[in-house]
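One structure below.
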Amino acid sequence: MKQITILIPAYNEEESLHHLYNRLLESTSDLSHYAFEFLFVNDGSQDATMEIIKDLRKKDEKVSYVDLSRNFGKETAMIAGFDYAKGDAVIILDADLQDPPELIPEMVKYWEQGYDDVYAKRRSRRGETIMKKATAGLFYKLLKRMSQVPIQENTGDFRLLDRRCVEAIRQIRETQRYTKGMFSWVGYHKKEILFDRDPRISGETKWNYGKLFDLAIEGVTSFTTAPLRFSSLMGITVSFFAFLYMIWIIFKTIAFGESVAGYPSLMSVILFIGGIQLIVLGIIGEYLGRVFNETKNRPLYFIHEYNEERVMNFNGQK
Ligand code: UDP
Ligand code: MG
């Protein structure tokens, strides 16, 4: 019998877990020819999330869990889940029920037809502010234009991955992860399905604009070097005009003699070029910081406990 793992990263989700568990049971009941594993990755929750998961485990052998040693963020929680998932397919699902489990049978249907990555695209984003929708739209537009790999717009992590996609992503051990880009990057046979994203069932989103901005920078810097190219172009353009201006000054001095005036123009040129230099340095710094972080080659996460012994090395690889 083939096995399907439902991977659920959970951070302070005590209010939705029981509800989630019931809806998972309901929506997988028609797929009795598969063995299911509900794998919860507790991402250092401070509330009763872990206790609830353990209670569920006592009642139901299908439930398993990995308890991370602290809050590492969803991207890292997901790779921990990939490392521990046993299924021939893995379905990533948010714990707050924004991703309806009722879509699971449809995903499985396409998996049976041979697709490796069945991703759910949002037809609408209910319960999200206009500001969030607008910034998300702008970000996707920019990223798509800059990066070489096609990145699916309005698509979250809610998807079914075949074992071979999971194994591919497990080999990407970057510390600063932009998993959504990795799904595209690894390739394989993809299928899109549409759904309406529900508002959170309870609690609040863990993403604030600061964190979203971080993730956006992650997305750009880990999948494209376009900003570096942009800074070279900007440097060339500015030095071209600076050169023209220099010629003009030399010509003017020879023709009309030297005058003491010129403080405003001098100041504006210095400030303008200084500004450009700072921007360019900042961009280089962003990339250099990433090089620094990756060369440290640290393990991605540590485990506090899990329900079952599995032999892993420090990088979580079997
Ligand atoms: N999550 C996590 N670690 C974190 C933040 C979030 O594992 O540090 C989980 C969270 O429990 C949820 C999923 O990631 O299952 C999505 O989080 P959230 O609902 O806050 O994001 P949004 O739906 O607003 O994008
Ligand atoms: Mg959510």
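Every read-out reported here was derived from the displayed coordinates using simple, explicitly stated rules and does not represent laboratory data. Since we're looking at a predicted model, the values are computed, not measured. Please note: Cβ atoms are built from the backbone with ideal geometry, for glycine as well, and neighbour counts cover all protein chains shown.
Rounded to a whole number of µm²/s, how large is the Stokes-Einstein D of region 225-296 at 25 °C and 0.890 mPa s, given Rh as the Kirkwood radius over C-alpha pairs? Mind showing how you got there, number by number?
Working: Rh = 14.6 Å.
Reported coefficient: 168 µm²/s.
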Could you tell me which of Ser69, Leu160, Trp207 has its Cα farthest along the dipole of region 3-210 towards the positive end, charges placed at Cβ (Lys, Arg +1; Asp, Glu -1), taken about the Cα centre? Trp207
Evaluate the relative contact order of region 46-121 (contact order divided by residue number), counting alpha-carbon pairs under 8 angstrom at least 6 apart; express in whole percent. 13
Translational diffusion coefficient, Stokes-Einstein: compute it for the chain using the Kirkwood radius over C-alpha pairs as Rh, at 4 °C and 1.567 mPa s, and state it as an integer in µm² s⁻¹. 58
Output the DSSP H helices from the chain with an along-axis C-alpha extent of no less than 20 Å and a mean Kyte-Doolittle hydropathy no less than -1.0. 130-146, 209-223, 226-256, 263-295
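Given DSSP loops and a limit of at most 12 other Cβ atoms within 10 Å, what is the longest stretch of the chain that contains no such GluC sites (Glu not before Pro)?
Segment 62-203 is the longest.
In deg cm²/dmol and to the nearest 500, what is the mean residue ellipticity at 222 nm of the chain if only DSSP H runs of at least 4 residues count, each as -39500 (n - 2.57), divided by the residue total?
Using -39500 (n - 2.57) per qualifying helix, the result is -16000 deg cm²/dmol.
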Can you put Thr175, Thr221 in order, fewest other beta carbons within 10 Å first? Thr175, Thr221
